[in-house]
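*Asks:* Take a look at this one; I'll ask things after.
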Amino acid sequence: FAPVRRPIAPPARTWTAGPLVSPPTWVMGCSSSKGSPQALQTAGGPRPKPSAVTPTGVPKDTPKEDSAAKGASDQAYTPLLVVQDDAVCVSEPPEAVKGGCQEAPAALAQPEADAAGALLAAPGAREVAVPAPPGATEEKRVGPVRAYFQKFAGAGVAGPPRPPLTQTAFSFLGSFTGIATLGLIHSQLVHIDDPHHFQLLVAPFGAMAVLLFSACKAPLAQPKNAIVGNTIGGFVGWLLVTIMGELGLASMVWLTAALAVSLTIVVQERVGVVHPPGGAAALCYVVVLPLRTLGIWYVLCPSLLGTCLLVAIAMITNNLSQARSYPQTLWAGGDPQEQNASSPAKTYFQKFMGAGVPPPPPAPFEQTAFSFLGSFTGIAALGLIHSQ
């Protein structure tokens, strides 16, 4: 048998096709049950010669009287592909050993994962662990405290690329149109000097505009998340202010604000409609006293009505760009909509039916608990500093 070698990243396993005579313990195209971890290939270390060992670990100079045993081992032999350290080795039956290296099979011209995956797909294939070579570097175990602070350095994930100038122009167009529409309706239908008038232009819509017009493909920006998530925030804010007032704790604004934002996150995560401006909607009702005069109507206008208007404008303006399709998920996902490129108008309106992207699954309950803990701590700290 002859080895075929190709530089690859060092995996930590071997792959064998067919039944295994005995677990291999070292590489270089041979399967030896009598080898040792010291025989594994190491950078700069000695490499065993293929001619010195047969696939079953029997020396080449076996006496002729042991030919029966040799014949039995030949019958039990199966081709072996070993992936270890910096080489890929393929063994051949003893009759094919002629010295030198053979041409690499077609499977080895693919990446290592493809070759190993194709080999494991063969009937009777199985995976066998191989001891690590001496001197191999292992990941150092760190304590939980050190591991916690190491997270502060970041996970090394690259940031998103800068969008093209044309997409920035579409973001500006959509955001300007949406906020201007809310402002015009607000100024024409209500009297600003009246403290009891309906509000339609509130701070959470600024954050919502960034999501709907700049990150329209994000799950948090989809219509279901925006409409339901923001309405939940308005309702939780009104509910907490009402309950705290009945309990005589209306003066503890820091506690009301922390509970309103944190419970909004909890409800959003359990329903599966996380939308960051919803937390802002809850906080605004707590800290902006003129909004409290609206009472339960705050949930309807601006929380629900204003969001519906912005979502409608987002669908109109975002789909003007060929690179955008909004919404990605209408309500419950579905099959992607086929677009007829021969009719631009039909393609434009087909985008309104959604791109068929499935919504993300709800967060696990333990993660919701961490979300509540972090939100409550942060808002409460800001509220206490503000009150002092």
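The values are calculated or read from the model by the stated rules, or taken from the named source; none is laboratory data. None of these values were measured; they are calculated from a predicted model. Here Cβ is always computed from backbone atoms with ideal geometry, including for glycine, and neighbour counts include all displayed protein chains. These area figures cover heavy atoms from the full protein model, side chains too; ligands, DNA and RNA do not enter into them. Shrake-Rupley method; radii C 1.70, N 1.55, O 1.52, S 1.80 Å.
*Asks:* Answer rounded, prolate or oblate for the range 175-290, using the Cα gyration tensor with square roots of eigenvalues a ≥ b ≥ c: rounded when a/c is under 1.5, else prolate when a/b is larger than b/c, else oblate.
*Replies:* Oblate shape, in that a/c is at least 1.5 and b/c is the bigger or equal ratio.
*Asks:* Considering only protein heavy atoms and a 1.4 Å probe, what is the carbon-and-sulfur percentage of the accessible area of the range 218-277?
*Replies:* Solvent-exposed carbon and sulfur of the range 218-277 make up 76 percent of the total.
*Asks:* Round to a whole angstrom and tell me the spacing of the C-alpha centers of the range 339-388 and the range 151-165.
*Replies:* Centre-to-centre distance over Cα atoms comes out at 19 Å.
*Asks:* Which distance in nm do the two modelled labels at V145 and I185 give, with both placed 7 Å along the Cα-to-Cβ direction?
*Replies:* So the two model labels end up 5.6 nm from each other.
*Asks:* Give me, ordered by chain and number, the residues 5 or more places off Q328 or on other chains with an amide H under 5 Å from its own placed amide H.
*Replies:* A355
*Asks:* How far apart, in nm, are two points set 7 Å out from the Cα along the Cα-to-Cβ line at L165 and at V271?
*Replies:* That separation, rounded to one decimal, is 4.3 nm.
*Asks:* Hey, another quick one. In whole percent, what relative contact order does the range 223-289 give with Cα contacts below 8 Å and a gap of six or more residues? Could the numbers behind the result be given before it?
*Replies:* Numbers: 84 pairs, mean separation 34.1, N = 67.
Reported as a whole number, the value is 51 percent.
*Asks:* Moving on to the next point. Tell me, what is the Rg over Rh of the range 210-262, with Rh the Kirkwood radius over Cα pairs?
*Replies:* Values: Rg = 14.7 Å, Rh = 12.5 Å.
Looking at the range 210-262, the ratio lands at 1.17.
*Asks:* Between A153 and F198, how high is the FRET efficiency from 1/(1 + (r/R0)^6) when r is the Cβ-Cβ distance and R₀ = 45 Å? Nearest 0.05.
*Replies:* That pair, A153 with F198, gives E of 0.40.
*Asks:* Name the residue from L249, T293, G272 whose Cα lies farthest towards the positive end of the charge dipole of the range 239-388, charges +1 on Cβ of Lys and Arg and -1 on Cβ of Asp and Glu.
*Replies:* The one lying farthest along the dipole's positive direction is T293.
*Asks:* Could you work out how far apart the two model spin labels at F365 and L173 are, taking each label as a point 7 Å from the Cα in the direction of the beta carbon, and quote it in nm?
*Replies:* Going from the F365 label point to the L173 one covers 4.8 nm.
*Asks:* Once the cut-off is 18 Å, how many percent of the Cα-Cα pairs in the range 244-300 end up in the long-distance tail?
*Replies:* In whole percent, the share of Cα-Cα pairs in the range 244-300 beyond 18 Å is 35.
*Asks:* When you have a sec, figure out the Kirkwood radius of the range 230-388 from all distinct Cα pair distances and drop it here in Å to one decimal? Write down the numbers at each step before the final one.
*Replies:* Values: mean 1/r = 0.0569 Å⁻¹.
It works out to 17.6 Å.
*Asks:* Pull out the extension gain between I316 and L384, defined as 0.36 nm times the separation in residues minus the alpha carbon to alpha carbon distance; nm, one decimal.
*Replies:* 20.2 nm
*Asks:* In addition: What is the range 154-297's relative contact order, in percent, from Cα pairs under 8 angstrom and six or more apart in sequence?
*Replies:* 26 percent
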